[in-house]
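Structure first, commentary second.
The values are calculated or read from the model by the stated rules, or taken from the named source; none is laboratory data. As the structure is a computational prediction, the values presented were derived from the model and not from experiment. Counting neighbours? That spans all protein chains shown, and the Cβs are built from the backbone with ideal geometry, glycine included. Accessible surface areas use protein heavy atoms only, side chains included; no ligands, DNA or RNA. Shrake-Rupley method; radii C 1.70, N 1.55, O 1.52, S 1.80 Å.
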Amino acid sequence: MKSFLRVLALCAGLTCLNAPAQTKEEAIAGAKALLQRLFADNTTEEEMLELAKEANKAGVPRQQIIEAKLVWGLRHQSSPFLIKILPEVEILASSFDSSTAAALPNAETVTAFASYIKALKAGDAGDQAGFKQNILEAVWLNPKQAPVFLQTIEKFQREQSMKNLVVDLKIPLTTSMGEATTLHDQLAGKKALLVDFWASWCVPCLQLMPALKKKAEHLSAHGVVVAGINKDDENAEAKAESLRKELDTTMPWLVEPADRPYTKVLEANDMPRVVLLTPEGKVLFNGHPEDPELWTALKKIDAAIEPPAAN
């Protein structure tokens, strides 16, 4: 983020300094603190919108407020929020002033993100041509963000391939204790099954295990079973059982056969990866465990499902 000094100098002549009880220095300090809060990475959507209203009343330039919203949406990977603020982002792109910028370098960067959001919107509508046109435009305008845009392309393509897929839930598996089972058995009349693919060599997978345990406990009340599927090539059952004991959890720990039938059909080669399945074998979500869209998919199972409160 650029220095606040230039931003605050612009505020000096605005209504943010009109309160007679404040000195100029106090007003500048207050504006600086508000701007920092606008760009904080630990705010909820509701908090961000309230901060935006407060900043508007305080006279913080509109451009900086929209920049903060855009940064929040990108940081939190919130497609619904980004799509909601698309009109503001388009205005920002058309009137961007580098001299008052708080976080973004130029209008071209903003235009690239506007194209990215248009791609997300097209993807939500199932418009493959619109998605392709806008995501390629985003890559062209802002190649530095190409890795992020490429991840979105991969995600869209995966969602398209999962759309009409029906997964065979009766493929033989074993538990971490060597017992024969299937995903069908694990569902056992429940509403859905959330499968987490992991391996002992996948450090990010292991780091997310406490969160997986929390999901299992949280979702059980909503009729959703959470299960881990180990993909280790050697001693998979022993490694899975060891982790189960370490986590002190009763959630199912499964081992995938060596020919990797679920990895292949669900395109789960990269991890961490979770897949949300219905009892009929339909795929409601296939992606990263921390993707906010997982909770959107879970709401299709039970509208009362909300993410667990952060510790």
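Residues satisfying the criterion are present in segment 17-27 (criterion: among the aliphatic types (A, V, I, L, M), assigned to a loop (DSSP other than H, G, I, E, B), surrounded by fewer than 19 Cβ atoms within 10 Å (Cβ to Cβ) and at pLDDT below 85). Output the residues belonging to segment 174-188 that are in contact (Cβ under 8 Å) with a residue 12 or more places away in the chain and farther than 16 Å from LEU276 by Cβ. If the condition is that a residue be in contact (Cβ under 8 Å) with a residue 12 or more places away in the chain and farther than 16 Å from LEU276 by Cβ, then THR174, THR175, SER176, MET177, GLY178, THR181, THR182, ALA188 are the ones that fit. Candidates in segment 265-279 are the residues that are of a type outside the set (A, V, I, L, M, F, W, C), more than 18 Å from the chain's Cα centre (by Cα) and more than 15 Å from VAL225 (Cβ to Cβ); of these, the one that is most open to solvent (accessible area, probe 1.4 Å) is ASN269.
Somewhere in segment 90-105, is a residue at pLDDT 95 or above and within 24 Å of GLY287 (Cβ to Cβ)? No. Would you point out the residue of segment 35-58, among those that are crowded, with 18+ Cβ neighbours inside 10 Å and small (Gly, Ala, Ser), that is nearest to the chain's Cα centre (by Cα)? Applying the filter and picking the extreme gives ALA52.
The set of residues from segment 30-87 being β-branched (Val, Ile, Thr), at pLDDT 90 or above and closer than 23 Å to LEU294 by Cβ comprises VAL71, ILE83, ILE85. Taken over segment 83-108, the residue count meeting the criterion of being over 18 Å from ARG62 (Cβ atoms) and out of contact with any Lys or Arg (no Cβ under 8 Å at 6 or more places or on another chain) is 2. Scanning segment 202-216 for residues that are in contact (Cβ under 8 Å) with a residue 40 or more places away in the chain and assigned to a helix (DSSP H, G or I), which turns out surrounded by the fewest Cβ atoms within 10 Å (Cβ to Cβ)? Restricting to residues being in contact (Cβ under 8 Å) with a residue 40 or more places away in the chain and assigned to a helix (DSSP H, G or I), the top hit is PRO204. Do we have ALA297 as open to solvent by less than 20 Å² (accessible area, probe 1.4 Å), of a type outside the set (Val, Ile, Thr) and without any contact (Cβ under 8 Å) to a residue 60 or more places away in the chain here? Criteria met by ALA297. Residues that are more than 22 Å from the chain's Cα centre (by Cα) and surrounded by 16 or more Cβ atoms within 10 Å (Cβ to Cβ) do not occur anywhere in segment 72-89. Within segment 82-122, which residues are polar (S, T, N, Q), in contact with a helix residue (DSSP H, G or I) (Cβ under 7 Å, 6 or more places away or on another chain) and closer than 22 Å to LEU49 by Cβ? Once the filter is applied, which keeps residues that are polar (S, T, N, Q), in contact with a helix residue (DSSP H, G or I) (Cβ under 7 Å, 6 or more places away or on another chain) and closer than 22 Å to LEU49 by Cβ, segment 82-122 yields only THR100. Please go through segment 133-173 and pick out each residue that is among the aromatic types (Phe, Trp, Tyr) and within 18 Å of PRO272 (Cα to Cα). Of everything in segment 133-173, just one residue is among the aromatic types (Phe, Trp, Tyr) and within 18 Å of PRO272 (Cα to Cα), namely PHE156. Listed by position, the helices (runs of 4 or more DSSP H) contained in segment 97-201 that have at least 1 residues being charged (D, E, K, R) and open to solvent by less than 40 Å² (accessible area, probe 1.4 Å) are 146-162.
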